[in-house]
Every structure is written in C-alpha cells, then in structure tokens.
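Just so you know, all these numbers are worked out from the coordinates, no wet-lab data involved. As the structure is a computational prediction, the values presented were derived from the model and not from experiment. Reconstructed Cβ throughout: ideal geometry from the backbone, glycine too, with neighbour counts over all protein chains shown.
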Amino acid sequence: MTAVLRGVACVLALRHMELHARRHFGLVEAAFVLATCGAFSALQQQTLDLRSEVLSWFACVVFIPLTSLGCDAGLHFWLDGQQTRQLGVAGAIFTIVSATFHWHMIRNGALLVGDQSASFGSDLRRIPILIGTYFAAPVIWLRTLVNAAFSAEKAEESAVA
C-alpha cells in the first residue's frame, strides 16, 4: 500500500518532468519502499518499547522516517541525479505526516507484527475508525488545552475572591 502511494505521489509531484523520468522515479520509489518498508516499520514498532514517550515518538516519527528518506534520496540522487532535488522539502513533510499517522496506528495496536499483532483483517476493519481518531486528535487536544486554561482562570478568580 505504501509503495503504491509513494510511487504515485512522486509521479504526481514530478509532473513537470518528461513521462519517462516520472515513471522511472516512481518505479524506483516503489521498489525502494517494497525493499525497505518492513525493516523500517519493524524499527518503528520497536520504539513502542522505549520508556520515554517523547523519545519513542521522536524515534518513530522523526528519526527513523527521515533516515529512510535520506537513504531513499541517496538512491534517487545516484540513479536520477540532481533533477529530483526539488522533492526534498515536500518529501520530508509527506514523510513526517505519514509517520504521525503510522505512530497513531501502532500506538493503538494496529498494523503490528509478532506477538503484539492482531489479524490483518481486524486491522483493516479498524483503519476507518483510526483515520477518524487521527484527524480528531488535534481538535480533542485543543479542546482539552482550552478547558484547562479556562479551569485555571476560574480557579484564579475564585482564589482572588
């Protein structure tokens, strides 16, 4: 799934280039992801065992994905030269956003392998709900933050009174 999505995203992002170059880039992208995503995903799953939640999040969402992106960029630079360097910032943003979604999925027990895993079918059935909770999380976080600030303000007013 990831290989297809990243390959198509690269082809679309390079729409200004000739068709042959876009296809080549997309195929290299898909092949790289197919060859490495299992290893990088396993590393991301391992971050769940870290004691520090902040360190776990940073490793899963920033360090591992950007390491993968760096290897990916090095491969493209070797095969395609400098004509693809404009994808750097867009690729990094796409990678980080994608990693936050992957973090959300694995923190909620989906798409895990090994002893922690559920069946692939049950994971697929949970994905629509997890998509909803992923997009709702910032709203819930902001609401909690505003409620906490409002409660603190009310407590301060009560203390002054």
Estimated distance in nm for a label pair at LEU27 and PHE63, the labels positioned 7 Å out from Cα along Cα-to-Cβ = 3.7
Find, among the chymotrypsin sites (Phe, Trp or Tyr not before Pro) in region 98-161, those assigned to loop by DSSP (not H, G, I, E, B) with at most 14 other beta-carbon atoms within 10 angstrom.
-> none
Given that just one value was derived from the coordinates, which of (1) 20.1, 74; (2) 15.7, 46; (3) 37.6, 105 is Rg and Dmax of the Cα atoms in Å?
-> (1)
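Of all the stretches in the chain, which is the longest one without any exposed loop site, taking trypsin sites (Lys or Arg not before Pro) in a DSSP loop (any state but H, G, I, E, B) with at most 16 other Cβ atoms within 10 Å? Spell out each step's value before the answer.
Numbers: sites that count: ARG15, ARG51, ARG85.
The answer is 86-161.
What order do you get for ASP115, ASP123, ASP49, ASP72 when you list them from fewest to most C-beta neighbours inside 10 Å? Could you put the intermediate results ahead of the total?
Working: ASP115 5, ASP123 16, ASP49 8, ASP72 20.
Lowest to highest Cβ neighbour count: ASP115, ASP49, ASP123, ASP72.
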Taking the Cα atoms only, what angle lies between the long axis of helix 64-80 and the longest principal axis of the chain, rounded to 10 degrees?
-> 20
Stretched fully, the stretch from VAL4 through ILE127 gains (0.36 nm per residue minus C-alpha distance, one decimal, in nm) 42.5 nm
Helix-only mean residue ellipticity at 222 nm for the chain, each DSSP H run of n ≥ 4 adding -39500 (n - 2.57), per residue, nearest 500 = -27000 deg cm²/dmol
Can you give me the Cα centroid spacing of region 1-56 and region 118-161 in angstrom?
-> 29
